[in-house]
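Asks: The structure's right below; bear with me while I get my questions together.
The values are calculated or read from the model by the stated rules, or taken from the named source; none is laboratory data. Predicted model only: the values in this text are computed from it and were never measured. Here the Cβ positions follow ideal geometry from the backbone for every residue, glycine too, while neighbour counts run over all protein chains shown. Side chains included, ligands, DNA and RNA excluded: accessible areas come from the protein's heavy atoms. Shrake-Rupley method; radii C 1.70, N 1.55, O 1.52, S 1.80 Å.
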Amino acid sequence: MLISHPTQGLHGTIELPGDKSISHRAVILGSLADGESVIHHLLEGEDVLKTVGAFRAMGVDARRDESGAWRIRGVGLDGLSEPLDVLDMGNSGTAMRLLAGLLAGQPFFSVLTGDESLRGRPMGRVALPLARMGARILGRDANRFAPLAIQGSDLTGIDYISPVASAQVKTAVLFAGLTASGRTTVTEPALSRDHTERMLTAFGVPVERQGLSVAVTGHSRLKGLEMTVPGDVSSAAFPMVAALLAPGSEVTLKGVGVNPTRTGLLELLLAMGADITVSNPRDAGGEPVADLVVRHSRLKGIEVPPEVVPRAIDEFPVFALAAACAEGETVVTGAEELRVKESDRIRAIALGLGAQGARIEELADGMRVTGRPEGLEGGGVAEAFGDHRVAMTLMVAGMAARAPVRVTGKANIETSFPGFASLMNGLGGRIGQDEQGERR
Ligand code: S3P
């Protein structure tokens, strides 16, 4: 059982582990490129290591050198070999959906599976458009759930209008488009994170964007590159909210990715009155990066504009905590996607923070939070539901509450944020294992 104790002000300067979305894409595109790619600051979380494992199983030489950089010897678009066994993507929806797109057009058979959470997440959203391209994919429950069995086939480019603003769907279709004949276009209802588009461009693939549509042409070759992965803004969200809530805090987060398709949380916190300074903007491999200075602030509730939701989609667990400690009411709508993440995050957060004294009402597509500016009581035991972002949110809640917060169930923090507890403790947090709690 994990425990997080109340803390006073947080202080210090930290660097976050590499961005998870960008790291998956760097491994995938590096494997498909001609020549070697050298990736610095790759996230070595379990999710990304699953992607590395899958490409190794398909004949790619990917290894960490003495300097900590990852060297990936690309085999070219048509150089992968048939894996001898099932590919286990663990907890990672990104790994499974992106690989489904890529493997659909490879001349071999493959099977993708994952843990219980991943096997319960919707895969029809990628299987359907891929089938329209000519893919042969079978899965449980009329091809809606993993395990997915993929018999690679010749694909034809399509013009796909996606019903969801999902970077995983967009990327799966575009990756299939790399091996398809002709042009593949994806149009989204709102712009989701655009790391795929940026990274394809960096690898030398022509990408055409027009409004909410993006297109690639099949069989464009990729050229190996050297890049540095920015710090993960979704991981930065935890020390950021912790520093806002703990009185007297001032924390500097260095080298954080500030791609505008990912900075929704920053926009929302600023609108709530947060004292966050963005400085030293620079570029890393086609991605904007900056340093953030976060100081304790009194926050005010807001109505979240639905158009910000895709830009903040992974941050709603910890955003809900900020709202729960703000003055007044905060309403989130248009966020039904939260129900199909690593857990049903609306339910998990309402239950978990509710057990610490937060007032959160579930809505079908979001939540209504009535803030308690005096802070949360804490003292509760909450279930993580195997969801790393729920577990980390509860740990931050403990830092800002009046009594410790305990988390049961598999926390899975290593999937996205290895070293989370030691990084937070280095700033003044007190997160650890609760052996007494386990014996109780
Ligand atoms: C991701 C896209 C998002 C996000 C996930 C990572 C990606 O999922 O929630 O953590 O790397 O493409 P959806 O595409 O399902 O919105």
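Asks: Is the shape of the range 20-228 rounded, prolate or oblate, going by the alpha carbon gyration tensor and its root eigenvalues a ≥ b ≥ c, with a/c under 1.5 for rounded and a/b larger than b/c for prolate?
Replies: It is rounded, given that a/c, with a ≥ b ≥ c, falls under 1.5.
Asks: Then there's this: With n ≥ 4 as the cut-off for DSSP H runs, can you work out [θ] at 222 nm for the chain, using -39500 (n - 2.57) per run divided by the number of residues, rounded to the nearest 500?
Replies: Dividing the helical sum by the residues of the chain leaves -9000 deg cm²/dmol.
Asks: If you project the alpha carbons of the chain onto the principal axes, what extent comes out on each, in Å, largest first?
Replies: Extents along the principal axes: 60, 47, 45 Å.
Asks: Rounded to the nearest 0.05, what FRET efficiency is calculated for residue 13 and residue 85 with R0 set to 45 Å and r the Cβ-Cβ distance?
Replies: Step by step, r from the Cβ atoms, then E = 0.55.
Asks: Using 7 Å Cα-to-Cβ label points, what is the residue 34/residue 151 separation (nm, one decimal)?
Replies: So the two model labels end up 3.3 nm from each other.
Asks: Now for a different question. Which aspartates and glutamates have a Cα lying under 13 Å from the Cα of residue 50, excluding residues fewer than 8 positions away in the same chain?
Replies: Within the straight-line limit of under 13 Å, residue 50 reaches these aspartates and glutamates: 88, 115, 414.
Asks: Next question. Cross-link list 20/410; 300/410; 254/300; 170/223: which exceed 31 angstrom alpha carbon to alpha carbon?
Replies: Table pairs above 31 Å Cα-Cα are 300/410.
Asks: Excluding ligands, DNA and RNA, what is the solvent-accessible area per residue of the range 52-123 at a probe of 1.4 Å, expressed in Å²?
Replies: 38 Å²
Asks: Taking 0.36 nm per residue of sequence separation and subtracting the Cα-Cα distance, how much length would be gained by fully extending the chain between residue 132 and residue 69, in nm to one decimal?
Replies: Length gained between residue 132 and residue 69: 18.8 nm.
Asks: Still on this model: What ratio of Cα Rg to 2.2 N^0.38 Å holds for the range 111-185?
Replies: Rounded to two decimals, the normalised Rg is 1.06.
Asks: Here is a further query. Among 336-345, 393-402, 214-223, how do they line up by average Cβ neighbours within 10 Å per residue, starting with the highest?
Replies: The peptides rank, most packed first, as 393-402, 336-345, 214-223.
Asks: Which percent of the accessible heavy-atom area of the chain goes to carbon and sulfur, probe 1.4 angstrom?
Replies: Roughly 51 percent of what the probe reaches on the chain is carbon or sulfur.
Asks: In what sequence, highest mean first, do 116-122, 423-429 appear when ranked by Cβ atoms within 10 angstrom?
Replies: 423-429, 116-122
Asks: Using 7 Å Cα-to-Cβ label points, what is the residue 277/residue 327 separation (nm, one decimal)?
Replies: With each label point 7 Å from Cα toward Cβ, the separation is 2.4 nm.
Asks: Separate question: For labels at residue 250 and residue 109 in the simple 7 Å Cα→Cβ model, what's the distance in nm?
Replies: Label-label distance for residue 250 and residue 109, simple model: 6.4 nm.
Asks: Among 124-134, 180-190, 92-102, what's the highest-first ranking by average C-beta atoms within 10 angstrom per residue?
Replies: Descending mean neighbour count gives 92-102, 124-134, 180-190.
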